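I have placed the structure first, in the form of structure tokens, so that the comments after it can refer back to it.
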Amino acid sequence: MIEIHQLRRSFTARGEVVEALRGIDLTVPDAKFFTLLGPSGCGKTTTLRSVAGLERPDHGEIRIAGQTVFSATKRTYVPPERRNLAMVFQSYAIWPHMTCAQNISFPLDSLPRSRRPSSAEIAESVVRTLEAVKLGGLGSRPANQLSGGQKQRLALARALITNPSVLLLDEPLSNLDAGLRDDMRMEIRSLQRRLKLSVLYVTHDQAEALSMSNLVAVMRNGLVEQVGTPREIYNEPATSFVARFVGSINSLQAQPVQPAPVAEGNTVFDTPIGRLTAGAKTLWDGVGTRQIVFRPEQVFVQPEAHTGNEDDSQENVLKATIIRSVFYGQYLHVEVDVDGVTLRAHVHPSLEFRRGDKVRVTIPPQHVRVLPSDDDLEAPSTGATLDDFDDDIDPELRPA
Ligand SMILES: Nc1ncnc2c1ncn2[C@@H]1O[C@H](COP(=O)(O)OP(=O)(O)OP(=O)(O)O)[C@@H](O)[C@H]1O
Ligand SMILES: [Mg+2]
């Protein structure tokens, strides 16, 4: 439905050149919910604005429903109003002095006479669209008398009234409080399904991307780092940047132990905390330095006394000491020390640990992945750092 090929765009700001897009390739399938996810400044809005026709890239091509709407080499540029799409901005951009109905009908009212529906048809579409976004009966209400969530719905309604084949949404929920945001996620998603819209959605919020999308493209520095379903992105990150940005992760430098592998598909690695086995779905081509990564919720922590048989020969079973634990309601965040290395685990909230407790940590090999090391990686952009926890810590558990 939307095909983006080798899109490049630089800006010059105060004499400095910023390469906002450095060769974006994307295919957004028909009637799917497709999300661009990435940290601030990675080029999400620039990509969306290029699709909308609000930005002219320096290089590349964009096709919508088979029609070339932009091509740098062929010098094609179709203006926004001829791309059969609608865009909703973070700021809503609704007119406060107009009623809801006037806001929604605006895109139709402003069409040239030859393409404009009759007043009766416009009125009917307005009622239908108000219903679709659950604002039925509020047509005559001035827009400035709406709540934040209602304003957001109004902005959506105004985008939908022209029956666009493609809906572009740029962080549309970031102004809403947490509870409302959850509701609106589900509403936007069901609207997309019902109307079979192709949605290109922008967010830097990983939970939003995972919970709403058919497909997610993780962007970094003007490039797409990985495209996949939410499960693929989360469970099989292709790079450590993706692993870190989408959730939190434990990572360890690793050297393969020869001869490898021990079992079919498994590879044994030497790490700072001893030998660990990585499961079948590893991306190791045998070249370069590696790291192994695993998610905190795949780390199991048991009190040492409970394990009974002290069988140290099992794969990925480690002796550890509790550094701290923080209760989050849905899970217990635990930090353990293994040979001077801190690992994070998210365990069942019914468990309780104290600082200094001796425990056994198990990391099932099938959840251990191997990725290229990424030494130039900045600090994780999501996922908490140790300092984030200090305020929540039970004083008894606070490290001395
Ligand atoms: N008009 C402009 N002039 C100069 N630089 C720009 C312009 N628009 C974008 N940029 C730069 O291009 C890069 C990408 O910007 P973009 O707005 O696409 O990022 P983003 O991923 O949407 O970030 P955010 O999550 O903060 O909205 C940034 O470094 C930004 O400063
Ligand atoms: Mg942006």
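Only the coordinates and a few stated rules stand behind these numbers; no lab work does. Keep in mind that what you see is a predicted model, and the values were worked out from it rather than measured. Here the Cβ positions follow ideal geometry from the backbone for every residue, glycine too, while neighbour counts run over all protein chains shown.
When the chain is treated as a GNM, springs tying every alpha-carbon pair under 10 Å, which of ALA178, ALA52, ALA13 comes out with the largest mean-square fluctuation?
So, out of ALA178, ALA52, ALA13, the one fluctuating most is ALA13.
Enumerate the amide H contacts of GLY274 below 5 Å, restricted to partners 5 or more residues apart or on another chain; note that Pro and chain-start residues carry no placed amide H.
HN-HN under 5 Å from GLY274: empty list.
If only Cα atoms are counted, what is the Rg of region 2-233, and what is its Dmax, in Å?
17.8, 54
Using the C-alpha atoms of the chain, what convex hull volume per residue, in cubic angstrom, is computed? Walk me through the numbers before you get to the answer.
Values: hull volume 77.4 nm³, N = 400.
Once divided by residue count, the hull of the chain is 193 Å³.
Return the long-range amide H neighbours of ARG324 (sequence gap of 5 or more, or a different chain), with a cut-off of under 5 Å between placed amide H atoms.
GLU335
Counting Lys +1, Arg +1, Asp -1, Glu -1, what net charge surrounds ASP30 among other residues with beta carbon under 14 Å of its beta carbon?
Neighbour charge sum, excluding ASP30 itself: +3.
Packing-wise, with mean Cβ within 10 Å as the measure, how do 70-81, 33-44, 342-353 rank, highest first?
Averaged packing, sorted descending, gives the order 33-44, 342-353, 70-81.
Would you grab the residues whose amide H sits under 5 Å from the one on VAL166? Only those 5+ places off in sequence or on another chain, please, with H modelled 1.01 Å from N.
ALA86
Going from the alpha-carbon gyration tensor of region 99-184, what semi-axes, largest first and in whole Å, does one get by taking the root of 5 times each eigenvalue?
Working: eigenvalues 114, 43, 20 Å².
After diagonalising the Cα gyration tensor, the semi-axes are 24, 15, 10 Å.
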